[in-house]
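Notes follow the structure.
We did not get these values from a lab; they are worked out from the coordinates using the rules stated. Computed from a predicted model, the values in this text were never measured in an experiment. Positions of Cβ are generated from backbone atoms using ideal geometry, with glycine treated the same way; all protein chains shown enter the neighbour counts.
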Amino acid sequence: MNPQKAKTLIGLKKAHSLLGKLIRMVETDEYCVNVMQQNLAAIGLLKSVHQNLMEGHLNSCVRNAMDTHSHAKKQQMIAEILTVTKLANK
């Protein structure tokens, strides 16, 4: 497994664990601010994973598409990146 994929999986597993903790906190009526702090930690982890995924995509799929002579493939990659970027900024 390449290091980028390993880093992504570690981040996702940490976020998964933190989501379980958040669920338990809500179920047991933990103090709201504590829940919100843990929620923000989960959001931060997922943003970090997203950044790592984007970096991997740019360094592999997008780079390969840009090296081709296919204008359509290049345009498709640009459109995909724009779509994902717009979703990430919502």
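Laid out as a table, the results:
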quantity	calculated
Leu18, sole failed condition from (1) assigned to a helix (DSSP H, G or I); (2) free of Cβ contacts under 8 Å to residues at least 24 places away in the same chain; (3) surrounded by 10 or more Cβ atoms within 10 Å (Cβ to Cβ)	(2)
Segment 67-90, residues that are farther than 27 Å from Leu9 by Cβ, among the aliphatic types (A, V, I, L, M) and surrounded by 11 or more Cβ atoms within 10 Å (Cβ to Cβ)	Ile78
Selection within segment 23-63 - touching a Leu at 6+ places or on another chain (Cβ under 8 Å) and of a type in the set (Val, Ile, Thr)	Val35, Val49
Candidate set: segment 21-37, residues that are part of a helix (DSSP H, G or I) and of a type in the set (S, T, N, Q); chosen: the one nearest to the chain's Cα centre (by Cα)	Gln37
